[in-house]
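For reference, the structure is listed below as structure tokens.
The values are calculated or read from the model by the stated rules, or taken from the named source; none is laboratory data. Since we're looking at a predicted model, the values are computed, not measured. Methodologically, a virtual Cβ is constructed for each residue, glycine included, from the backbone with ideal geometry; neighbour enumeration extends over all protein chains shown. To get the accessible areas, we keep the full protein, side chains included, count just its heavy atoms, and leave off ligands, DNA and RNA. Shrake-Rupley method; radii C 1.70, N 1.55, O 1.52, S 1.80 Å.
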Amino acid sequence: MAHSTLLLILSLVLHVAPGQKIGDALQQAREAYDTRGETTTIRIEPGTYQEELTIDIPGLRLINASKHPSLALRNHGVDADPEAVRITWYYGHGYQYRSMGDTPNYVGRRTRRWNASLLVTAPDFYAENIIFENSIA
């Protein structure tokens, strides 16, 4: 008698619009992965997002949600194309600044030095049509 195995893959799709935080969607993705083992796709509307992100969820996908995604920069890199998703961050380089306050970083733990807009610590991360930028200001 042959035995069949049912493979159930759970996948969550979240949406981030300008004015919202990708970090908030990442927290939802962490909770879904921790409680149900769900992988997550985060669809991000075009815009510039000033955030420091840690990708610590296996199989996470960040996707530009535009119908016509772009990676183009304008004005010598100062501006992004209206159809681009740009994730940018700056806060010095590896030092503790008084202006940082008591919070080590925006994800609440000192897992790295400040400056990188993105740190990937989990396997199978995928990004599509996203600009990652470490800004100088």
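Within the stretch 60-73, residues that are farther than 20 Å from residue 23 by Cα reach partners that are open to solvent by 80 Å² or more (accessible area, probe 1.4 Å) with beta carbons closer than 8 Å, at six or more positions or on different chains, in the pairs 70/82. Quick one: how many residues across the stretch 31-47 are modelled with pLDDT under 95 and open to solvent by 10 Å² or more (accessible area, probe 1.4 Å)? Selection size over the stretch 31-47: 8.
Where strands (runs of 3 or more DSSP E) fall wholly inside the stretch 20-73, the ranges with 1 or more residues that are more than 21 Å from residue 133 (Cα to Cα) and touching a strand residue (DSSP E or B) at 6+ places or on another chain (Cβ under 7 Å) are 39-44.
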